[in-house]
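Trainee: Here's a structure for you.
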Amino acid sequence: MAGDRDRDAQLAVLGACVAIFFPGALTFGFPGVMASIWQEMFHVGRAATGLTIFFMLAAVGAFMFLVGRWQERWGLRRMIALGIILTAFASLVVSEAGTIYVVYAWAFINGLASSFVYVPALTLVQWCFPKRRGLVAGLVSMVFGLSAAIMSPLFAGMFSAFGYQRMNLLMAALTLTIGLLGAYFARAPQAWEDAASVRRAGSAAKPTAVIVSARSFTVSESLHTRSFWLLWATWTFAGAAGVSMTILAAEYGLFLGFSLPSAILILTAFNLTNGMSRLLSGILSDRFGRNPVMSLAFLTAAFAYFILPWARSLEVCALLAAVVGFSFGTLFSVSAPLVADCFGLEHFGAIFGLTFAAYGFVAGPLGPTLSGYLLDVTGDNFFLVFLYLGVFSMLASICIRRVVPPQRS
């Protein structure tokens, strides 16, 4: 029996990783590759393409908490499957884009879809391996970020080979086929099913059926703690600094005079470490603590942003973008187990969704949208943009140091 449970848990983690691949690639890689193409197609500036990330993150902010609630009622696998279907539908929508507003619609649907995949996937793997939450959360987050590094060069190649519409139709087909296969194997462990049954049954349920931390907080209780709001601030500052690079990496390369394929290498470097750091940071956080690992990562990102305005070679730009990517990946991978450490696993999805709302509602306007606006009005003053994003990373480094498991009042 124990062997069957271990095999089922491993298959569930594998299924979650497969399901999250294309949502991650379309979230972190597609906008950066397509930004200059959309500017040419629709005759718009950087601020307009920067709004793409705003609409994507607004959907994430609006629905991440709701998905965390809905998964307790409808189950993890159903949420993941619905997210995959919505991701494929978004690619169908953007394939017919005639104006930038259709791209905004794609961004919103894609952000909504990623919420339906990401939160249930993180919840699933932490219930499967509660003693190695950093490792398995880091693994899922790694695939979510690393997928963009793999697919970004392929997006550019597919655009050249197939054209805009056929490329997006192909992405819709791949997302649906591979994503639903992953969702099939993403089965919740018995511990989750027992706890979900208790939540649905209420007080009539047997307490022994609940396999959760004794210090799990409700959503309301978490909102009355300082640690929750420090996590909110961390997601705001580190989220804005990190997600901005998805748009700025290739744009900065083009500004320096590199060709589009060369400029995309800077974005690829960012996405490589954005993905790979998630597993490494998750493992390190299990051993050395969540706060020190996150704080150090954000601090190094701040210095990378401060140095970037003086970078002129492709190699140095790629290296500094990779440092920012490492920090961004650490935010995603270590925040999830830190939320579980602070508030327990029972209502993890809803509480994590609320902290993630800072990334959705605030990081987008402060990051890509403001960056694009400043570049447009200042005539490509990247120094100003990189300066304030570096300050954001330093503020995140300070905030995360003060996040500790709260005491019940």
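The values are calculated or read from the model by the stated rules, or taken from the named source; none is laboratory data. In this text, all values refer to a predicted model and were calculated from it rather than measured experimentally. Neighbour counts run over all protein chains shown; Cβ positions are idealised from the backbone, glycine included.
Trainee: Would you check which residues across the stretch 194-229 are outside any helix (DSSP H, G or I), at pLDDT 60 or above and either of a type in the set (Gly, Ala, Ser) or surrounded by 16 or more Cβ atoms within 10 Å (Cβ to Cβ) (or both) and list them?
Mentor: Ser216, Phe217, Thr225 - these are the residues of the stretch 194-229 that are outside any helix (DSSP H, G or I), at pLDDT 60 or above and either of a type in the set (Gly, Ala, Ser) or surrounded by 16 or more Cβ atoms within 10 Å (Cβ to Cβ) (or both).
Trainee: Looking only at the stretch 127-142, decide whether some residue is touching a Gly at 6+ places or on another chain (Cβ under 6 Å) and closer than 19 Å to Met245 by Cα.
Mentor: yes
Trainee: Continuing with this model, one more query. How many residues, within the stretch 292-344, are not in a helix (DSSP H, G or I) and not hydroxyl-bearing (Ser, Thr, Tyr)?
Mentor: The number of residues fulfilling the criteria is 3.
Trainee: Would you point out which residue out of Ala149, Ala161, Ala191 is part of a helix (DSSP H, G or I), at pLDDT below 85 and over 22 Å from the mean Cα position of the chain (by Cα)?
Mentor: Just a single option satisfies the conditions, and that option is Ala191.
Trainee: With (1) under 18 Å from Ile398 (Cα atoms); (2) among the aromatic types (Phe, Trp, Tyr); (3) crowded, with 23+ Cβ neighbours inside 10 Å as the list, and Phe303 as the residue in question, which single condition is left unmet?
Mentor: So Phe303 meets the others, but not (3).
Trainee: Looking at the stretch 230-261, which of its residues are modelled with pLDDT under 90, out of contact with any Ser or Thr (no Cβ under 9 Å at 6 or more places or on another chain) and buried (at least 21 other Cβ atoms within 10 Å of the Cβ)?
Mentor: Passing the criteria: only Val243.
Trainee: Identify the residue in the stretch 85-126 that is among the β-branched types (Val, Ile, Thr) and surrounded by fewer than 21 Cβ atoms within 10 Å (Cβ to Cβ) and, among all such residues, is nearest to Ala173 (Cα to Cα).
Mentor: Among those residues, the one meeting the criterion is Ile85.
Trainee: Being more than 19 Å from Phe270 (Cα to Cα) and either crowded, with 21+ Cβ neighbours inside 10 Å or among the aromatic types (Phe, Trp, Tyr) (or both) is the filter here, so list the residues in the stretch 145-166 that pass it.
Mentor: Phe159, Phe162, Tyr164
Trainee: Residues Phe356, Phe382: which one is crowded, with 24+ Cβ neighbours inside 10 Å, among the aromatic types (Phe, Trp, Tyr), in contact (Cβ under 8 Å) with a residue 24 or more places away in the chain and on the phi < 0 side of the Ramachandran plot?
Mentor: Matching residue, one of Phe356, Phe382: Phe356.
Trainee: Turning to a different aspect of this structure: Let me confirm something: among Leu76, Leu82, which residue is surrounded by fewer than 21 Cβ atoms within 10 Å (Cβ to Cβ), among the hydrophobic types (A, V, I, L, M, F, W, C), touching a residue at least 12 places away in the same chain (Cβ under 8 Å) and closer than 15 Å to Gly349 by Cβ?
Mentor: Leu82 is the lone residue from the list that is surrounded by fewer than 21 Cβ atoms within 10 Å (Cβ to Cβ), among the hydrophobic types (A, V, I, L, M, F, W, C), touching a residue at least 12 places away in the same chain (Cβ under 8 Å) and closer than 15 Å to Gly349 by Cβ.
Okay, residues lined up against (1) part of a helix (DSSP H, G or I); (2) of a type outside the set (S, T, N, Q); (3) touching a residue at least 24 places away in the same chain (Cβ under 8 Å):
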| residue | (1), (2), (3) |
| --- | --- |
| Pro365 | yes, yes, yes |
| Ser371 | yes, no, yes |
| Val377 | yes, yes, no |
| Leu387 | yes, yes, yes |
| Gly390 | yes, yes, yes |
| Ile400 | yes, yes, yes |
| Val403 | no, yes, yes |
| Pro406 | no, yes, yes |
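Trainee: Take Met142 and tell me if it is buried (at least 23 other Cβ atoms within 10 Å of the Cβ), part of a helix (DSSP H, G or I) and touching a Lys or Arg at 6+ places or on another chain (Cβ under 7 Å).
Mentor: yes
Trainee: Let me ask another. Name every residue in the stretch 119-173 that is without any contact (Cβ under 8 Å) to a residue 40 or more places away in the chain and among the small types (Gly, Ala, Ser), in order of residue number.
Mentor: Gly157, Ser160, Ala161, Gly163
Trainee: Another one. Answer with yes or no whether Pro120 is farther than 29 Å from Asp8 by Cβ and within 21 Å of the chain's Cα centre (by Cα).
Mentor: Considered against the rule, which asks whether it is farther than 29 Å from Asp8 by Cβ and within 21 Å of the chain's Cα centre (by Cα), Pro120 comes out as no.
Trainee: Given the residues Val324, Val334, which is the only one that is surrounded by 21 or more Cβ atoms within 10 Å (Cβ to Cβ), more than 21 Å from Pro120 (Cα to Cα) and either modelled with pLDDT under 90 or aliphatic (A, V, I, L, M) (or both)?
Mentor: Val324
Trainee: When you go through Leu338, Leu331 one by one, which is the residue that is touching a residue at least 40 places away in the same chain (Cβ under 8 Å) and under 11 Å from Trp235 (Cα atoms)?
Mentor: Sole residue among the options that is touching a residue at least 40 places away in the same chain (Cβ under 8 Å) and under 11 Å from Trp235 (Cα atoms): Leu331.
Trainee: State all residues of the stretch 372-409 that are at pLDDT 90 or above, among the small types (Gly, Ala, Ser) and closer than 30 Å to Phe217 by Cβ; if no residue qualifies, say none.
Mentor: Ser393, Ala396, Ser397
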